[in-house]
């Protein structure tokens with residue numbers, strides 16, 4: 001009888017509230033984000049991972065002075081502010097040298113629902129921090145565009161430097 005009473009108390013005071021909290025958290029995480037932004041939580045995580053990987057590859061290419069790899073990360077309609085050779089080889093050592101990691105602090109998405117007839121996310125804006133081996137941290141702001149199913153950098157500003165410039169949206173600039 002005492003064991004049964006103890007089991008009921010544990011169920012009512014621990015397990016049941018924990019189950020309710022988990023249901024609320026997962027419901028808000030899925031339905032809340034989906035309703036507010038039009039994107040599911042897991043899709044948002046996947047996009048963030050893919051976008052972060054492209055920016056990290058660009059930074060690693062810049063540090064290694066690998067022009068071809070850096071160019072592969074850029075959206076085809078965008079251009080390097082100073083030209084690729086100057087960017088990688090000379091002028092921006094302070095941006096690339098000692099690159100260690102990057103963190104994304106915020107993301108926003110935009111789909112081309114009207115243009116493509118679907119709801120696929122084709123553009124996003126990412127803000128975050130780049131950390132260097134010296135401990136220095138620079139803020140970055142990137143606008144990404146999906147090109148043939150792969151995220152590419154359309155616009156990239158690191159610290160005070162505009163590294164990659166381009167039209168955010170075809171035909172018009174945008175503050176998105």
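Read-outs throughout are calculated quantities, based only on the coordinates presented, and are distinct from any laboratory measurement. Worth saying up front: this structure is predicted, and the values here are computed from it rather than measured. Reconstructed Cβ throughout: ideal geometry from the backbone, glycine too, with neighbour counts over all protein chains shown.
Taking other Cβ atoms within 10 Å as a rough exposure proxy, 137, 126 sort from fewest to most as 137, 126. A straight chain from residue 108 to residue 13 at 0.36 nm per residue would run longer than the Cα-Cα distance by 30.2 nm. Peptides 44-52, 70-78, ordered by how many other C-beta atoms sit within 10 Å of their residues on average, highest first, read 70-78, 44-52.
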